[in-house]
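What follows is a set of notes on a single structure, which appears directly below.
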Amino acid sequence: MANVADQLVAMLVNAGIKRIYAVTGDSLNEVNDAVRREGSIQWVHVRHEEAGAYAAGAEAQLTGNLACCAGSSGPGHVHLINGLYDAHRSGAPVIAIASTIPSFEYGTQYFQETNTIKLFDDCSHYNQVAATPKQFPRMLQAGIQAALHRKGVSVIGLPGDLTSMDAEEITTATVSFNPKPVIRPSDEDLAELAALIGEHKKTVIFCGIGATEAHDEVVQLSQMLNAPVAYSFRAKMGIQYGNTNEVGMTGLLGSPSAYHSMHEADLLLLLGTDFPYTPFMPTDCKIVQVDIRPEQIGRRAKVDIGLCGDVKDTLTALMPLITQNTDDSFLKAQLDFYAGVKKNMMTYVEDTGKNEKIHPEYIAGLLDELATDDAIFTADTGMCCVWGSRYINATGKRKMIGSFNHGSMANAMPQAIGAALACPGRQVIALCGDGGLSMLLGDLATIAQYNLPVKLIVFNNRSLGMVKLEMEVAGLPDWQTEMHNPDFAMVAQAMGIRGVTVKEPEEAKEAIREALMFDGPVLVNIFTDPNALAMPPKIEFSQVKGMALSMTKLMLNGRMDEVLDTVKANYKHLKDLI
């Protein structure tokens, strides 16, 4: 008779799970053996459970299907948490198997005992511990359904002694139902929205991740309204391509054009977005928000009309009620402004930098030029997100994922592991910060073990670049942000991965080209300019004042060379402030 571990694996197979990212051990060993005996699920032996959770989250985001990771008693649970937080906040359907100490030891302060209900409560939609074989399969099925349909994490606590017990038949459904309802506002609400749109001639559309499945509808509506289209970072790959009315991103990583358009508008349509940065939202125009999750409406901006609906369904029903706006003067003005912004952004691509101070913008521009049309990019939180968001362009087939909501370091490399396993045959490029890569450096061994052909592009600026900038604009001299790094290329080679170091701008293009063409994993360690600034779309006086104060403090502390390096590295940015 099959045991509970066998039943677990059979149900995961039935739910479409292809692999489990985990570190095996004690309470998880029966599950590991059940996977071995069943044969159709791959056990991916990561070196750290956090990397496994990140990889599972990436797989779920890219495929839309359920993904799985696991961790064994105590430390294995704790290690999962950061990656599960990221998956949950990204809306990635992930099921986490948290195998625990024997059930008869609960409450005794046993070795490696953790309270999984408390531990995972804030990063899951479903979080339960099975106590009996009869209870387990119903819990697992409930967790699968919750992860898939509520878009997030489910955690199943599984005592080690339970896994070896005889399984009991599940008496409820085991099919992962996936209904696709049409969700849109009522006819009355749509009529009200159409009337409001008809009263305004300067409309801007701002799209979040919830609008990416409605690319064609967004483009069509923007053409009917002669409306500029701005978007969040998460929405860029789904909205930018084939969109002649796009004006870029706003927010901390965005460009002045999107910010300018939104603040010049008299009507702003927020579609499928929970954009968190309220200082970038206009306050003196009418605002409409459409979201499939109505609890999110109005919490980021003063909304005049809030409607519940899927963006694609809503726009499909709305557009027959809209009349063509024949005045395109506002749109043309915003597109002209955007053209100037894009020209300025290319300054640092054309000026490539110098020895050990290669401009990171140039590197991102090369990746955009040399990567395939269907490449998958992962980007570390921090400066890598800046360069990726501004210089990697959408094609309609490319994907870019990162820790966009949770904002954790160290995500790019493990997410690339999940991407490479979930999407074999597609180019996977990780934009790694030196700080982020250092955190989970051990999982380079996972890439080597499974010979995953990921390309790790390390933006090695020898510092925590975003933190350094944050301190400077706050008027603080940067302190304890420098990184004393190993030779990342040699570390990669020691782990069985091809490693390349680039210190001269003239070497970068060929090194990246060869890396992308190489049949196997490659790490390219690029020495980028540590003083490169990521200028926000709107510069406040307090930021200018803070930067000046920071530079003064550095000079008074004898660090004049750093001040001069910052000025030299950013003269094109700084002249725009004068």
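The values are calculated or read from the model by the stated rules, or taken from the named source; none is laboratory data. Note that this is a predicted model, so its numbers are computed, not measured. Reconstructed Cβ throughout: ideal geometry from the backbone, glycine too, with neighbour counts over all protein chains shown.
Taking the criterion of being surrounded by 17 or more Cβ atoms within 10 Å (Cβ to Cβ), β-branched (Val, Ile, Thr) and farther than 19 Å from VAL23 by Cα, would at least one residue in region 127-134 satisfy it? Checked region 127-134: at least one residue is surrounded by 17 or more Cβ atoms within 10 Å (Cβ to Cβ), β-branched (Val, Ile, Thr) and farther than 19 Å from VAL23 by Cα. Count of region 16-72 residues, restricted to those that are under 22 Å from ALA445 (Cβ atoms) and either in contact with a Lys or Arg (Cβ under 6 Å, 6 or more places away or on another chain) or of a type in the set (A, V, I, L, M, F, W, C) (or both), is 19.
So ASN65 clears everything in (1) in a loop (DSSP other than H, G, I, E, B); (2) touching a helix residue (DSSP H, G or I) at 6+ places or on another chain (Cβ under 7 Å) except one condition, right? Which one? Answer for ASN65: the failing condition is (2). Look through region 256-270, keep the residues that are among the hydrophobic types (A, V, I, L, M, F, W, C) and part of a helix (DSSP H, G or I), and return whichever of them is modelled with the lowest pLDDT. Top of the filtered list is ALA258. Does LEU335 fit the bill of being in the same structural domain as VAL290 (by TED's automatic domain parsing) and modelled with pLDDT of 95 or more? So LEU335 fits the description; yes. The single condition among (1) of a type outside the set (S, T, N, Q); (2) assigned by TED's automatic domain parsing to the domain that holds CYS432; (3) more than 30 Å from GLU507 (Cα to Cα) that LEU366 does not meet is (3). Can you name the residue in region 355-407 that is under 23 Å from LEU84 (Cα atoms), hydrophobic (A, V, I, L, M, F, W, C) and not in a helix (DSSP H, G or I) and, of all such residues, is modelled with the lowest pLDDT? That would be PHE404. Entry remark, region 447-475: residues being at pLDDT 95 or above, assigned to a helix (DSSP H, G or I) and surrounded by fewer than 22 Cβ atoms within 10 Å (Cβ to Cβ) number 2 in total. Within region 422-446, how many residues are of a type in the set (A, V, I, L, M, F, W, C) and crowded, with 22+ Cβ neighbours inside 10 Å? Summing the residues that are of a type in the set (A, V, I, L, M, F, W, C) and crowded, with 22+ Cβ neighbours inside 10 Å in region 422-446 gives 9.
Does region 237-259 include one or more residues that are touching a Pro at 6+ places or on another chain (Cβ under 7 Å) and among the β-branched types (Val, Ile, Thr)? Checking region 237-259: at least one residue is touching a Pro at 6+ places or on another chain (Cβ under 7 Å) and among the β-branched types (Val, Ile, Thr).
Residues that are surrounded by 15 or more Cβ atoms within 10 Å (Cβ to Cβ), modelled with pLDDT of 95 or more and within 27 Å of the chain's Cα centre (by Cα) number at least 1 in the following helices (runs of 4 or more DSSP H) confined to region 137-228: 215-225.
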